[in-house]
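A.B. asks: The structure under discussion is supplied below as structure tokens; questions concerning it will follow.
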Amino acid sequence: QRVSLGTVNSPVITLRYTLGLKDFLGGDFTYHKIALNVVKSLKMGFLGVSDLSLTGSKIFGEVPLPLLTSHIGNESPYYVGIAYNTMGFSEYVSDTYASLNYQHHFEGFLLNRIPLFKKLKWRMVGTMNILKGSVSDDNLAMHSEVGINGAPNQPIRALGTDPYVEMGYGIENIFRVFRIDAIHRLTYLDDLQGDKFAVKFSFQFSF
């Protein structure tokens, strides 16, 4: 159900509920999943515009690895706004998590002070992604190290007590359509499946 709050400055709030039922249409597990997402843009005057996305989710019930939340990693050379761009594909999973995805578009605040960049109309952008997640002991206990065919199963990689953090900076509006980001992974630097540092490219159109 979509409900308008009556103003374009209001945040966009999305609530999702998922129900799994054992023995119904072939279901093997009974569980409940609730996810809440809040998206908001903040105009910062001459400093530019900030875009924030806050998400929280929890799974109630015992579920195996395929039903846990697999956080979106990105090992490609292209920047993906909804992904963790220094995280490997399916590097971490959670049954409970909270995340913040933040982008700040400086517009002309910085580069307009440099004559050449002012003429090119390039724009600075900053990003930060923070993820705090966990997997319950019950769901960890459901995971077998060995599959039915005797081959080893993919291990469950859950975040510890520290949050996953990555920060980046880049330039957008290059030739009106290109964007380049340099991203640093600040936590979980040991035994990582992704990158400590990555340079990503993307295309975007602004009107």
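A.B. asks: Quick check, is LEU42 at pLDDT below 90, more than 21 Å from LEU68 (Cβ to Cβ) and of a type in the set (A, V, I, L, M)?
C.D. replies: no
A.B. asks: With the checklist (1) touching a residue at least 60 places away in the same chain (Cβ under 8 Å); (2) more than 16 Å from VAL135 (Cβ to Cβ); (3) open to solvent by 30 Å² or more (accessible area, probe 1.4 Å) in hand, flag the one item ASP51 doesn't pass.
C.D. replies: Of everything listed in (1) touching a residue at least 60 places away in the same chain (Cβ under 8 Å); (2) more than 16 Å from VAL135 (Cβ to Cβ); (3) open to solvent by 30 Å² or more (accessible area, probe 1.4 Å), ASP51 misses just condition (1).
A.B. asks: When the residues of the range 173-187 are filtered to those that are in contact with a strand residue (DSSP E or B) (Cβ under 6 Å, 6 or more places away or on another chain) and open to solvent by 20 Å² or more (accessible area, probe 1.4 Å), which remaining residue is farthest from LEU111 (Cα to Cα)?
C.D. replies: Only one residue tops the list, namely THR187.
A.B. asks: Pick from GLU145, GLU166: which is among the acidic types (Asp, Glu) and open to solvent by less than 70 Å² (accessible area, probe 1.4 Å)?
C.D. replies: Only one candidate qualifies: GLU166.
A.B. asks: Continuing with the same structure: Among the residues of the range 60-80, how many are outside any loop (DSSP other than H, G, I, E, B) and either modelled with pLDDT of 95 or more or open to solvent by less than 50 Å² (accessible area, probe 1.4 Å) (or both)?
C.D. replies: The number of residues fulfilling the criteria is 6.
A.B. asks: If you scan the range 81-90, which residues turn out to be among the aliphatic types (A, V, I, L, M) and at pLDDT 95 or above?
C.D. replies: Of everything in the range 81-90, those that are among the aliphatic types (A, V, I, L, M) and at pLDDT 95 or above turn out to be ALA83, MET87.
A.B. asks: Here's a follow-up. Hey, can you tell me all the residues within the range 12-26 that are surrounded by 10 or more Cβ atoms within 10 Å (Cβ to Cβ) and outside any loop (DSSP other than H, G, I, E, B)?
C.D. replies: Result: VAL12, ILE13, THR14, LEU15, ARG16, THR18, LEU19, GLY20.
The values are calculated or read from the model by the stated rules, or taken from the named source; none is laboratory data. Model, not experiment: these values are computed from the prediction. Methodologically, a virtual Cβ is constructed for each residue, glycine included, from the backbone with ideal geometry; neighbour enumeration extends over all protein chains shown. To get the accessible areas, we keep the full protein, side chains included, count just its heavy atoms, and leave off ligands, DNA and RNA. Shrake-Rupley method; radii C 1.70, N 1.55, O 1.52, S 1.80 Å.
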